[in-house]
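Colleague: First the structure, then my questions, so here it is.
The values are calculated or read from the model by the stated rules, or taken from the named source; none is laboratory data. As the structure is a computational prediction, the values presented were derived from the model and not from experiment. Methodologically, a virtual Cβ is constructed for each residue, glycine included, from the backbone with ideal geometry; neighbour enumeration extends over all protein chains shown. Only protein heavy atoms, including side chains, enter the accessible area calculation; ligands, DNA and RNA are left aside. Shrake-Rupley method; radii C 1.70, N 1.55, O 1.52, S 1.80 Å.
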Amino acid sequence: MDQKEFFIADDGIRIHMKLDYPAAFTEKGQKYPLMIIFHGFTGHMEEDHIVAVAHTANEAGFVALRAEMYGHGLSGGTFREHTLLKWISNALAVIDYARDLPYVSDLYLCGHSQGGLLTMLVGAMEQDRLRAILPLSPAWMIPEIARKGEILGIPFDPVEIPAQLDAGDGLFLGENYIRTAQVIEVEPSILRFKKPVLLVHGSADLSVPVHYSEKAAALYPDARLVIVPGDTHCYDYHLEAVTEAVRAFLEEMKNQK
Ligand code: FER
């Protein structure tokens, strides 16, 4: 499948992106829906579940745009310095880029885990430019647990915030991640988003319990939830059930036009 790899800049920070085109793609006047796909915390665009969702979008006739956020993959910034606010800024820049592509009709936003939280927040900000959003196993409890003082299972003082948290594998999370996460309220963004939403979540997810997607599905005005029985946070067992749910949703959205 035809692919383009490139960087854009968000206020001087490079954002690494890949465009994957559907079969028979032509720029000759034809328009295509495009889905932007964000990875999660410590993730990147070549993870199996991110690549699989991009390919599924292509098979449904969509252009797929994978983007790596601040401090992740080949994008600029360090892991330690990344925050949800920087990711929001990056995501807005990616949407601006995608919206200006001459061959794009409808825009869709998809993200896994922390990228799913990002999708929920930015979905509300960009509602008028989006056809639908697809938060996959969205980690939308992060602000709540940052306020309680336990991130990544590591307890900390939520008032006297530590300078860093050990995220494992030699990665350290800086204090500004916590400080900014603590003031983010996700529910208003959920209630604000009136367009279609697909939530997909493994029932055996130990990183982000499935009940967060059940709660989100109940709050969104127009959401459907696909629970994948027995599957984990990154869909180790039934990735095809995830891509099948995404495919069915994208086809339905496309045909409803
Ligand atoms: C946490 C629990 C889960 C957390 C992040 C996650 C940063 C998951 C993130 C992801 O996979 O994107 O406490 O803190």
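Colleague: Every residue in region 213-223 that is under 17 Å from the mean Cα position of the chain (by Cα) and surrounded by fewer than 21 Cβ atoms within 10 Å (Cβ to Cβ), please.
Modeller: Within region 213-223, ALA217, ALA223 meet the criteria.
Colleague: Output the residues belonging to region 142-165 that are open to solvent by 20 Å² or more (accessible area, probe 1.4 Å) and either at pLDDT below 95 or not charged (D, E, K, R) (or both).
Modeller: ILE145, LEU152, GLY153, ILE154, PRO155, PHE156, PRO158, VAL159, ILE161, PRO162, ALA163, GLN164
Colleague: Let me ask something additional. Identify the single condition in (1) out of contact with any Cys (no Cβ under 6 Å at 6 or more places or on another chain); (2) open to solvent by less than 20 Å² (accessible area, probe 1.4 Å) that HIS49 does not satisfy, given that it satisfies every other one.
Modeller: (1)
Colleague: In region 176-189, how many are surrounded by 15 or more Cβ atoms within 10 Å (Cβ to Cβ) and in a helix (DSSP H, G or I)?
Modeller: 6
Colleague: Determine, yes or no, whether THR78 is hydroxyl-bearing (Ser, Thr, Tyr), over 18 Å from the mean Cα position of the chain (by Cα) and assigned to a loop (DSSP other than H, G, I, E, B).
Modeller: yes
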